[in-house]
């Protein structure tokens, strides 16, 4: 493990393993323990958590169309998409983040990224809002909603805005009240914003590695080591497990990348966790090699920050495999 973390090819910045609420391994080959680092798409788990809480409180029905909670999207393709399709990335829309779309300067994916950064659309020179891009999203002609897992950050920003509508508060306040303010975090969590003030919980979240580990520990039996009261209830965790979509996962890009990352094929996705195993372990990667791995049954968490230049899911990154094998070893499973 030490050799891997020190290898300059992988550019690991920080790596931490937590078992039964205690740090059992940590290394900072590229940053200080007090430095904040970007979570990239690993931060999508924060949105999935709060949506799950709101569902348990009866504030969201995931079988309802997105437009039930986002009326500004009425009259668009989103009328045919249910909330559960956003959560599981099964919208049937043409906005999957893959190599083809990322290399196409006029794809919905690149237009979204440009809009949230205030950059102009390549083909027109217009600076669009993310909502304009959302309204202009098109359906896939050969696929229905709920059919196939196609990862898209647009789903997350819509869910973030949905949370703000339902709670009547900005994302940062909701997240502070429901999650971060109940943790014994060492530092505040920071979220970048779009030009119109929408929090980019889809990826531009920054914390210390230790506080990322604390967030992960909220999901384990040792939550009291990092929080003053429970944040992730058993019902929330059970709901996430129960609402996965194994059929849509088959043949997806994330199913394939799970083998490369963990040396084991994941079983399904749910509530913005892209890798969930039959033993209950769940994980979310982020671009440039970020990772949060949560194994409630083994009371284990692994977190990693990196500046690996590969696009997440397409390059080598064995940190996740080290996390999963460490969890099993600490549970005396080999």
* Structure fact -> Mean-square fluctuation maximum in Gaussian network of the chain, Cα pairs under 10 Å, restricted to 253, 199, 266, hits 253
* Structure fact -> Helix 44-56: inclination vs the chain longest Cα principal axis, degrees, rounded to 10, gives 80
* If the chain between residue 57 and residue 328 were fully stretched, how many nm would it gain, using 0.36 nm times the residue separation less the Cα-Cα distance? -> 94.1 nm
* Asked: Listing 141, 74 from the residue with the fewest other Cβ atoms within 10 Å to the one with the most, what is the order?
  -> 141, 74
* Asked: Stokes-Einstein D for the range 10-103 at 20 °C, 1.002 mPa s, Kirkwood Rh over Cα pairs, in µm²/s?
  -> 127
* **Equivalent ellipsoid semi-axes, the range 111-164, via Cα gyration tensor eigenvalues times 5, rooted, Å** => 22, 16, 9
* With springs only between Cα atoms under 10 Å, which of 185, 152, 242 fluctuates most in a Gaussian network model of the chain? -> 242
* Ranked list, fewest to most other Cβ atoms within 10 Å of each Cβ, for 198, 307, 12, 46 -> 307, 198, 12, 46
* Structure fact -> Computed D for the range 258-332, Stokes-Einstein, Kirkwood radius over alpha-carbon pairs, 10 °C, 1.306 mPa s, to the nearest µm² per second, is 130
* Mean shadow area of the chain, taken as a quarter of the surface of its Cα convex hull (nm²) -> 15.6
* Say R0 is 41 Å: what FRET efficiency, to the nearest 0.05, do residue 169 and residue 307 get from their beta-carbon distance? -> 0.75
* Which angle from 0 to 90°, rounded to the nearest 10, does the C-alpha axis of helix 253-262 make with the longest principal axis of the chain? -> 10
* **Of every Cα-Cα pair in the range 207-334, the percent that sits beyond 18 Å** => 52
* Structure fact -> The residues 295, 211, sorted from fewest to most surrounding Cβ atoms within 10 Å, come out as 211, 295
* Return a whole-number percent for the relative contact order of the chain, with Cα pairs under 8 Å and 6 or more residues apart as the contact set. => 24
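Values in this text are rule-based calculations from the coordinates and carry no lab data. Note that the coordinates shown come from a computational prediction; the quantities given were computed from them, not determined experimentally. Because the Cβ atoms are built from the backbone with ideal geometry, glycine has one as well, and the counts that use them run over all protein chains shown.
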